[in-house]
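Let me begin by presenting the structure, written as structure tokens, before commenting on it.
Read-outs: derived from the displayed coordinates by stated rules, not from any lab. Because the structure is a prediction, the values reported are computed rather than measured. So basically every Cβ, Gly included, is an ideal-geometry build from the backbone, and we count neighbours across all protein chains shown.
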Amino acid sequence: MRKLCLAFVLLIMSLSQLNAQPFEYGDNVLNLGIGLTPVYYGNVYSSYSPGLEASFEHGFFEKLGIGYIGIGGYFGFRNSDFDTQTIIAARGTYHFDFLDLTGEDIFENLDVYAGVLMGLRFEKDEYLITNNFTYGVFDTFIGAHYYFSDFFGVYNEISYSGISYYTLGITFKF
């Protein structure tokens with residue numbers, strides 16, 4: 001948990017030097033990413049493939065406080081020597097509108113957000129007789145999108161218990 005807090009502080013400090021484009025009411029965002037550091041739910045000695053993640057969110061509601069709310073879905077998949085794990089979940093995010101908060105254009109291409117994820121994790125264990133398990137999953141995460149254009153960018157997320165602790169990927173905004 002201490003590492004997650006430190007990572008959050010470093011992320012916010014480094015992102016404060018960039019530019020941001022706020023997420024707004026009515027926006028749709030599709031993220032496709034690769035999880036670089038797997039979350040260990042079972043056998044920590046098995047080798048995991050990188051996690052594959054996809055998420056979608058839609059900007060609901062007019063501005064609330066200093067940002068906008070996004071609601072959508074999440075799909076994550078990871079395979080290891082011993083098991084296969086899939087997460088299907090609902091996802092809610094709060095996108096901070098630093099552009100409007102500061103009144104300056106220094107936050108023109110960056111979208112910083114935090115959120116929660118709740119859903120189900122399906123696990124298929126290759127070595128047990130009873131080999132299909134279903135668990136509830138709750139995750140908190142922070143992240144940022146950096147847009148190269150109005151429609152395309154990259155993103156990164158730090159999470160606690162999704163498919164991966166750290167995810168990098170591409171994002172499409174429409």
- Query: What list of ³J(HN,Hα) values in whole Hz, one per residue of region 150-160 in order, does the Karplus curve 6.51 cos²θ - 1.76 cosθ + 1.60 (θ = phi - 60°) give from phi, with Gly and Pro shown as x?
  - Reply: 5, 10, 9, x, 10, 9, 9, 9, 10, 10, 9
- Relative to the present Cα-Cα distance, how much length would full extension add between N131 and F148 at 0.36 nm per residue of separation? 1.7 nm
- What net charge do the residues around N132 carry, taking every other residue with its C-beta under 15 Å from that of N132, with Lys and Arg at +1 and Asp and Glu at -1? -2
- Task: Evaluate the distance, in nm, between pseudo-label points positioned 7 Å from the Cα of F174 and of M118 along their respective Cα→Cβ axes.
- Result: 3.0
- Task: Would you kindly state how much longer the chain becomes between D81 and Y166 on full extension, computed as 0.36 nm times their sequence separation minus their alpha carbon distance, in nm to one decimal?
- Result: 28.5 nm
- Message: Give me, ordered by chain and number, the residues 5 or more places off L36 or on other chains with an amide H under 5 Å from its own placed amide H.
- Response: Y166, T167, L168
